[in-house]
Amino acid sequence: LAINSIEPSAPSVPVYEKFELTLDLTGTWDNPFDPTQIDVQGHFTSPDGRSVALPGFLYQEYALTKAGEQPVGTPVWKLRFAPQMEGRYEYFVTAKDRSGQVKSAKASFQAVAPHSEGFIRIARRSPLYLQFASGAPYFPIGTNCFTHTAVGQPLKGDRLPRLRRYITALTANGANYIRLRMDSWWVAIEGSPDDAVGYLGVGTFHLRTAWDVDQLFELARARDCSIQLCLYNANAHVNNPRQRWRQVYNLFLKKNGGPLDSIDEFWTSPEVARLVKQKLRYVVARWGYSRNLMAWEFFNEVVIPEKRAPDIVAWHEEMSRYLRSLDPWEHLITNSPMGGSFAASARMWALPNIDVVQVHSYSFTDMGAGMPGFCGQAVSQYRKAFIVGEFGLPRKVLESGGLKVDQDGLHLHNGIWASALSGCAGTAMHWYIENYVDGRNLYSCFRGLSAFMKEVPILSGDLQPVKTRALRYVTPPVEEKFLDVALMGRAAFRRAQVNRFTVHADGAINDAEELGGYLWGVVSHKDLRNPPTFVVNCRQPAQFVIHVGTVVGNGDNPIRAYLDGKLVLDENLRAGKGLGERSKEIPEYANWHTVYNRDLALKVPAGEHEIRVENLGKDRAEVSYKLLGYASNRDVVPVRVMGLSHAAGAYLWIQNVNNTWQARWDGIELEPVPPTMVDLLGLGEGEYRVEFWDTVEGRVTSRAKAQAAQGKLTLRIPQVTTDIACIVRR
């Protein structure tokens with residue numbers, strides 16, 4: 001074993017930038033990624049006397065050629081470090097293999113004044129948001145980035161150019177963040193043995209893919225973009241995937257070259273823990289230096305069932321603690337659950353080394369209606385920074401050709417504006433980049449929000465969801481008409497905290513975020529069951545409609561409705577083979593997903609009434625509700641006002657409620673909403689400047705003044721054709 005030479009990248013580097021050592025090292029090992037066989041470490045002492053030890057890693061240079069990526073030279077060992085203060089740093093290198101240990105002479109480099117804002121942290125004064133080490137605010141705006149890696153097929157030659165094109169186009173339009181899926185069938189550095197791809201199995205890392213990720217980090221540095229690295233895909237490794245094509249990506253199973261007989265052994269296996277720690281060590285060694293790394297993410301969409309929750313939460317506690325001990329730059333750590341136990345997920349989010357709460361949502365076809373409750377509830381529940389790591393249209397909508405009516409990115413536009421102004425720490429991240437964001441060239445959707453969010457004081461420490469009252473027309477309609485109103489529910493695997501909803505004259509309901517998108521049955525989810533009751537006051541006879549999309553279970557699934565305590569609707573939408581529009585078996589739960597897409601209607605006389613709805617089936621029914629002919633057009637103002645405020649101002653997104661994917665799909669004509677007024681509550685007394693913004697171009701279109709008195713400011717809103725944004729500042 002010998003360290004023959006050490007070549008530093010430069011005699012000095014700016015604070016927060018990469019200082020790299022390239023080693024000529026000879027020794028003996030079989031697996032260069034296993035630290036028990038070869039352990040290379042750099043030992044760095046900062047100007048204030050603090051020391052850290054960092055692992056080295058094996059590196060192979062590649063070059064992009066017409067024939068694809070080709071290796072250049074032979075593999076070498078590297079160490080990467082980023083200083084966090086100015087001054088002189090000393091370092092030396094150690095290496096250890098089966099023959100012994102060697103140590104280099106000491107050397108030094110100089111850290112000079114920074115050229116950047118530094119690493120991303122939880123904001124000190126505003127822990128629901130993020131900031132740079134310098135103290136400057138950071139609000140992530142972006143989307144998911146990935147390309148597919150197919151088993152048994154060579155890597156595509158355009159993979160890296162395509163990913164670079166995504167990042168370049170995003171950042172050219174104001175985005176500053178991507179979530180990179182570095183797992184399973186995406187841009188994975190580790191895979192089951194595969195000669196075509198070049199994977200060698202669990203515990204070894206694919207040097208070409210790692211070099212690709214290097215290039216993405218370099219581009220991110222040049223374009224001021226941060227990256228969230230997702231390391232494992234639970235849908236391949238631990239969620240009992242039904243699809244055979246997913247099972248072959250589970251590199252931990254013996255049949256795929258791993259150590260496990262069964263997926264169920266994953267959470268408690270010492271060998272799995274060793275292999276995961278080996279990967280964590282490698283990713284910290286290779287990319288931990290980067291100020292453009294926003295967060296590590298353990299899993300994409302891990303299911304945490306209550307019966308396995310102690311093991312799963314304990315695993316995350318151990319791995320998050322280990323990752324924190326490896327990483328001297330203290331990058332944020334996150335995860336993403338899917339289904340399972342709400343209470344178990346809460347225990348995971350409470351772990352001290354899990355910094356950012358992340359949830360994925362494919363439930364909302366109207367993002368403005370869904371996001372405020374979805375985000376607001378998560379923020380109030382966990383009191384940690386919260387992001388929606390993936391969103392998109394529901395699968396059933398896509399299967400029905402739902403993207404056909406969204407050529408201009410309306411769902412993306414509404415999703416990022418609604419999430420940004422609902423208290424999220426960053427925008428919701430759209431999933432479909434290849435055939436949607438990139439395929440339809442929707443990058444410009446990020447431009448307007450990027451400009452607007454620079455004006456929002458996310459680090460003020462006192463931003464709250466804006467409180468409004470009395471949305472009304474400046475000039476009410478002359479002719480009265482009665483309109484249908486949708487009572488939006490949110491699909492969530494938790495028990496609703498409220499089960500009584502008063503439907504007001506304009507169609508709004510109390511505690512809208514608690515109206516679930518599922519009617520839970522009486523067998524599988526007793527703990528979630530809390531059937532809703534709606535209190536209505538009809539000015540004329542109306543209809544109450546329960547739309548049942550999918551039922552889950554096996555056998556009878558009675559959906560019942562009671563009007564003033566009397567059973568008036570009893571429809572058995574059975575779940576099982578050959579039923580409904582289509583049905584799909586879920587063998588591991590002895591259940592069927594049976595699609596009905598059926599409206600169940602009951603007549604409601606004029607006057608005040610109570611309507612109670614329940615499901616007496618085994619599992620659940622996916623539902624939404626409407627009242628037909630309920631609300632007067634004089635009471636219903638088709639404008640949604642949402643946003644953030646504090647005593648010195650408000651930052652608003654104002655949306656024509658028919659400017660949504662759902663309204664387009666339903667064929668509702670988009671008509672401009674005439675000028676309206678709304679009272680903003682909680683603002684300090686005095687005069688305010690009002691700016692209205694174009695949400696696409698990100699520029700001010702008009703200005704006005706307003707006066708706040710006795711905690712209320714009446715804002716006059718101009719005509720809203722699609723949507724506008726607004727800033728109200730003292």
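The values are calculated or read from the model by the stated rules, or taken from the named source; none is laboratory data. Fair warning: this is a prediction, and the values are worked out from it, not measured in the lab. Cβ coordinates were reconstructed from backbone atoms using ideal geometry, including for glycine residues, and neighbour counts include every protein chain displayed. Calculation scope for accessible area: heavy atoms of the full protein, side chains included, ligands and nucleic acids excluded. Shrake-Rupley method; radii C 1.70, N 1.55, O 1.52, S 1.80 Å.
Run lengths n ≥ 4 of DSSP H only: what is the helix-derived mean residue ellipticity at 222 nm for the chain, with -39500 (n - 2.57) per run over all residues, to the nearest 500?
Details: 12 runs with 129 residues, N = 730.
Only helices count here, giving -5500 deg cm²/dmol.
As a quick test, which of the pairs K481/K603; K78/K103; K255/K279; K254/K396; K307/K526 have an alpha carbon distance above 23 angstrom in this structure?
Values: K481/K603 19 Å; K78/K103 15 Å; K255/K279 21 Å; K254/K396 35 Å; K307/K526 15 Å.
Going by Cα-Cα distance, K254/K396 fall outside the 23 Å limit.
Ignoring ligands, DNA and RNA, what percent of the 1.4 Å accessible area of the chain is carbon and sulfur?
49 percent
Treat every Asp and Glu Cβ in region 1-80 as -1 and every Lys and Arg Cβ as +1, leave all other atoms uncharged, and give the resulting dipole magnitude about the Cα centre to the nearest 20 debye. Present the calculation step by step, with values, prior to reporting the outcome.
Working: 5 positive and 10 negative charges, 35 e Å.
Roughly 160 debye for region 1-80.
Can you find, among A234, P193, T204, the residue farthest towards the positive end of the dipole of region 181-237? Put +1 on the C-beta of Lys and Arg, -1 on that of Asp and Glu.
A234
What residues have an amide H closer than 5 Å to that of T502, excluding those fewer than 5 places away on the same chain, when H is modeled at 1.01 Å from N in the peptide plane?
Long-range HN contacts for T502: N510, V535.
Rank-order 410-419, 245-254, 666-675 by packing density, defined as the average count of other C-beta atoms within 10 Å over each peptide's residues, highest first. Don't skip to the end; give the middle numbers.
On the way: 410-419: 26.9, 245-254: 19.0, 666-675: 12.4.
Highest mean packing first, the order is 410-419, 245-254, 666-675.
Got the relative contact order for region 603-701 handy, in percent, Cα pairs under 8 Å and 6 or more residues apart? Provide the component values of the computation, followed by the final result.
Details: 58 pairs, mean separation 16.4, N = 99.
Relative CO of region 603-701 lands at 17 percent.
Can you list residues from other chains, or at least 5 along the same chain, whose modelled amide H is less than 5 Å from the amide H of L515?
Here R490 satisfy the definition.
Would you please put 288-295, 376-383 in order of how densely packed they are, using the mean number of other Cβ atoms within 10 angstrom per residue and starting with the highest?
Details: 288-295: 24.8, 376-383: 16.8.
Ranked from most to least packed, the peptides come out as 288-295, 376-383.
Is the shape of region 237-392 best called rounded, prolate or oblate, per the rule: a/c under 1.5 gives rounded, else a/b larger than b/c gives prolate, else oblate, with a ≥ b ≥ c the square roots of the Cα gyration tensor eigenvalues?
Values: a/c = 1.71, a/b = 1.24, b/c = 1.38.
Oblate, since a/c reaches 1.5 and b/c is not below a/b.
Which residue, H148, A709, A575, has the largest displacement toward the positive end of the dipole of the chain when charges sit on each Cβ (Lys, Arg +1; Asp, Glu -1)?
Among H148, A709, A575, the one farthest towards the positive end of the dipole of the chain is A709.
Suppose every Lys and Arg Cβ carries +1 and every Asp and Glu Cβ carries -1, with no other charges. What dipole size does the chain come out with about its Cα centre, to the nearest 20 debye? Numbers along the way, then the final one.
Numbers: 81 positive and 77 negative charges, 98 e Å.
Its charge dipole is roughly 480 debye.
Which percent of Cα-Cα pairs in region 577-652 sits in each 5 Å bin, short to long?
For region 577-652, the pair-distance distribution reads 3, 8, 13, 14, 11, 12, 10, 12, 10, 5, 2, 0.
What is the gain in length, in nm to one decimal, between R324 and K584 on full extension, counting 0.36 nm per residue of separation less the C-alpha to C-alpha distance? Mind dumping the intermediate values first?
On the way: separation 260, 0.36 × 260 = 93.60 nm, distance 4.25 nm.
Residue separation times 0.36 nm, minus the Cα-Cα distance, leaves 89.4 nm.
With a 1.4 Å probe and every protein chain left in place, work out the accessible area per residue of the chain in Å², rounded to a whole number.
On the way: 29240 Å² over 730 residues.
Averaged over the residues of the chain, the accessible area is 40 Å².
State the extension gain, in nm to one decimal, for the chain segment bounded by K467 and V102, taking 0.36 nm per residue of separation less the distance between their alpha-carbons.
Working: separation 365, 0.36 × 365 = 131.40 nm, distance 6.52 nm.
The span from K467 to V102 would gain 124.9 nm if fully extended.
Taking 0.36 nm per intervening residue step and subtracting the Cα-Cα distance, what contour gain separates E571 from R440 on full extension? Before the final figure, lay out each step's value.
On the way: separation 131, 0.36 × 131 = 47.16 nm, distance 4.25 nm.
Stretched out fully, the E571 to R440 stretch lengthens by 42.9 nm.
Which percent of the Cα-Cα distances in the chain go past 37 Å?
Working: 118483 of 266085 pairs.
Of the Cα pairs, 45 percent sit more than 37 Å apart.
Hey, with R₀ at 45 Å, roughly what FRET efficiency would A706 and Q247 work out to, going by the Cβ-Cβ distance, to 0.05?
Calculated transfer efficiency: 0.15.
Report the relative contact order of the chain, percent, no decimals, based on alpha-carbon pairs under 8 angstrom and at least 6 residues apart.
Values: 1788 pairs, mean separation 72.5, N = 730.
Answer for the chain is 10 percent.
What list of ³J(HN,Hα) values in whole Hz, one per residue of region 158-174 in order, does the Karplus curve 6.51 cos²θ - 1.76 cosθ + 1.60 (θ = phi - 60°) give from phi, with Gly and Pro shown as x?
Coupling constants for region 158-174: 9, 4, 5, x, 5, 5, 5, 5, 4, 5, 4, 5, 4, 5, 5, 10, x Hz.
Suppose every K and R has +1 on its Cβ and every D and E has -1 on its Cβ; what is the size of the dipole of region 402-508 about the Cα centre, in Debye to the nearest 20? Spell out each step's value before the answer.
Values: 12 positive and 10 negative charges, 89 e Å.
In total the dipole reaches around 420 debye.
By the gyration tensor of its Cα atoms, with a ≥ b ≥ c the square roots of the eigenvalues, what is the shape of region 436-512: rounded for a/c under 1.5, prolate for a/b over b/c, or oblate?
Values: a/c = 1.55, a/b = 1.38, b/c = 1.13.
Verdict is prolate for region 436-512.
Can you list residues from other chains, or at least 5 along the same chain, whose modelled amide H is less than 5 Å from the amide H of Y138?
Here the answer is L130, Q131, F132, since their amide H atoms fall under 5 Å of that of Y138.
Rounding to the nearest 10 and keeping the result within 0 to 90°, find how far the Cα-based axis of helix 270-287 lies from the longest principal axis of the chain.
It is inclined by approximately 80 degrees.
Tell me, what HN-Hα J-couplings in whole Hz come from the Karplus equation 6.51 cos²θ - 1.76 cosθ + 1.60 at θ = phi - 60° for each residue of region 259-266, using x for Gly and Pro?
For region 259-266, the Karplus curve yields x, 9, 7, 9, 4, 4, 7, 3 Hz.
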